[in-house]
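Asker: If you scroll down you'll find the structure; I have some questions about it.
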Amino acid sequence: MASHFPQAEVIEASLALAAERGGDLTPHVYARLFAAQPEVAPLFGKDVNDSVKGEMLAQVFDTIFDFIGPRVYADHLMRSHSISHDAYNVPPAVFLSFFTVVAETVAEVIGPEWHSEMAAAWQALLAEIAQTLAPA
Ligand code: HEM
C-alpha cells in the first residue's frame, strides 16, 4: 500500500503492540488526557457511557492509519475537525495535543518494549500532524 510516511511500519507495529498489551486504549488515553488537561473533562460531561470518547478515539486511529498510509482524507479531516472542535471549546492547540496524548499512552502501555525507533517515528509523526494543522 502506498505510504505517505517513511516510518509507517514502525507506527503500525507500535499500535498493534499497544492493542495486544493494553486491549482497549480508551480508558488509558482519556485518563491521561484528563490528568494533563482537567479543563477538558467537563466537555465530555454528557458522555456517561463513554460512547463519544470511544468513537472519537476510533476516528483518531483511523485518521492516523490513513495519514501514514494512502492519505486519502486524513489531512482534510484533521483540519476540518480542528475547526469544528473550536466551536465546542476545544482550541486548535488542544485538538493537536490529543495526538501527543495518544503517543504517550502507546508508549506507556507498551512499557519496556517501547524503543527509540518507535519514539523517533512518533516524534516525526506528531511534527507532520502539527505541520498539517498549522495555519496557512
Ligand atoms: C484534546 C482534544 C480533543 C477534545 C477535548 C475533544 C472533544 C470532543 C468532544 C467534547 C466531543 C463531543 C462533542 C459533542 O457531541 O457534543 C468530541 C467529538 C468528536 N471528536 Fe473530539 N476532541 C479532541 C480531539 C479530537 C481529534 C484529534 C479528533 C479526530 C481527528 C476528534 C474527533 C472527534 C469526533 C469524530 C467526534 C464525534 C464522535 C461522536 O459523537 O460520534 N476529536 N470531541
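The values are calculated or read from the model by the stated rules, or taken from the named source; none is laboratory data. All values derive from a computational prediction rather than experimental measurement. With ideal geometry, Cβ positions are generated from the backbone for all residues, glycine too; neighbour counts draw on all protein chains shown. Ligands, DNA and RNA are excluded from the accessible area calculation, which covers all protein heavy atoms including side chains. Shrake-Rupley method; radii C 1.70, N 1.55, O 1.52, S 1.80 Å.
Asker: Looking at the structure I just gave you, is Leu126 hydrophobic (A, V, I, L, M, F, W, C), open to solvent by less than 50 Å² (accessible area, probe 1.4 Å) and under 15 Å from the mean Cα position of the chain (by Cα)?
Answerer: yes
Asker: Would you point out which residue out of Leu33, Leu17 is modelled with pLDDT of 95 or more, under 16 Å from the mean Cα position of the chain (by Cα) and within 13 Å of the ligand (Cβ to nearest atom)? Step through it out loud before you land on a result.
Answerer: On the way: Leu17 fails: within 13 Å of the ligand (Cβ to nearest atom).
Of Leu33, Leu17, the one residue that is modelled with pLDDT of 95 or more, under 16 Å from the mean Cα position of the chain (by Cα) and within 13 Å of the ligand (Cβ to nearest atom) is Leu33.
Asker: Mind checking whether some residue in segment 66-79 is away from the ligand (no atom under 12 Å from the Cβ), surrounded by fewer than 15 Cβ atoms within 10 Å (Cβ to Cβ), of a type in the set (D, E, K, R) and not in a helix (DSSP H, G or I)?
Answerer: The initial filter retains those residues of segment 66-79 that are away from the ligand (no atom under 12 Å from the Cβ), namely 68-72.
Narrowing further to those that are surrounded by fewer than 15 Cβ atoms within 10 Å (Cβ to Cβ): 70, 72.
Next cut, of a type in the set (D, E, K, R) only: none.
Within segment 66-79, not a single residue is away from the ligand (no atom under 12 Å from the Cβ), surrounded by fewer than 15 Cβ atoms within 10 Å (Cβ to Cβ), of a type in the set (D, E, K, R) and not in a helix (DSSP H, G or I).
Asker: Only one of (1) open to solvent by 20 Å² or more (accessible area, probe 1.4 Å); (2) in a helix (DSSP H, G or I); (3) more than 19 Å from Leu133 (Cα to Cα); (4) not aliphatic (A, V, I, L, M) fails for Asp24. Which number is that?
Answerer: Exception for Asp24: condition (2).
Asker: Continuing with the same structure: Find all pairs meeting these conditions: Cβ atoms under 6 angstrom apart; at least six residues apart or on different chains; first residue within segment 71-82 and farther than 13 Å from Val60 by Cβ; second residue open to solvent by 30 Å² or more (accessible area, probe 1.4 Å).
Answerer: Listed pairs, sorted by first residue: Arg71/His4.
Asker: Return the pair list, or none, for Cβ contacts closer than 6 Å from residues in segment 9-26 that are free of Cβ contacts under 8 Å to residues at least 40 places away in the same chain to residues that are surrounded by fewer than 18 Cβ atoms within 10 Å (Cβ to Cβ) and assigned to a helix (DSSP H, G or I), at least 6 apart or on different chains.
Answerer: Filtered contacts from segment 9-26: Thr26/Lys53; Thr26/Gly54.
Asker: Run down Tyr73, Tyr88 and say which single residue is modelled with pLDDT of 95 or more and more than 13 Å from the chain's Cα centre (by Cα).
Answerer: Values: Tyr88 fails: modelled with pLDDT of 95 or more.
Residue meeting the stated conditions: Tyr73.
Asker: Still on this structure, I have one more. Going by the structure shown, is Thr100 in a helix (DSSP H, G or I), closer than 16 Å to Leu15 by Cα, modelled with pLDDT of 95 or more and within 10 Å of the ligand (Cβ to nearest atom)?
Answerer: Numbers: in a helix (DSSP H, G or I): yes; closer than 16 Å to Leu15 by Cα: yes; modelled with pLDDT of 95 or more: yes; within 10 Å of the ligand (Cβ to nearest atom): yes.
Yes, satisfied.
Asker: Would you confirm, using the coordinates I've provided, whether Tyr88 is open to solvent by 50 Å² or more (accessible area, probe 1.4 Å), touching a residue at least 40 places away in the same chain (Cβ under 8 Å) and not small (Gly, Ala, Ser)? Lay out the reasoning, then the answer.
Answerer: Numbers: open to solvent by 50 Å² or more (accessible area, probe 1.4 Å): yes; touching a residue at least 40 places away in the same chain (Cβ under 8 Å): yes; not small (Gly, Ala, Ser): yes.
Taking the combined requirement at face value, the residue satisfies it.
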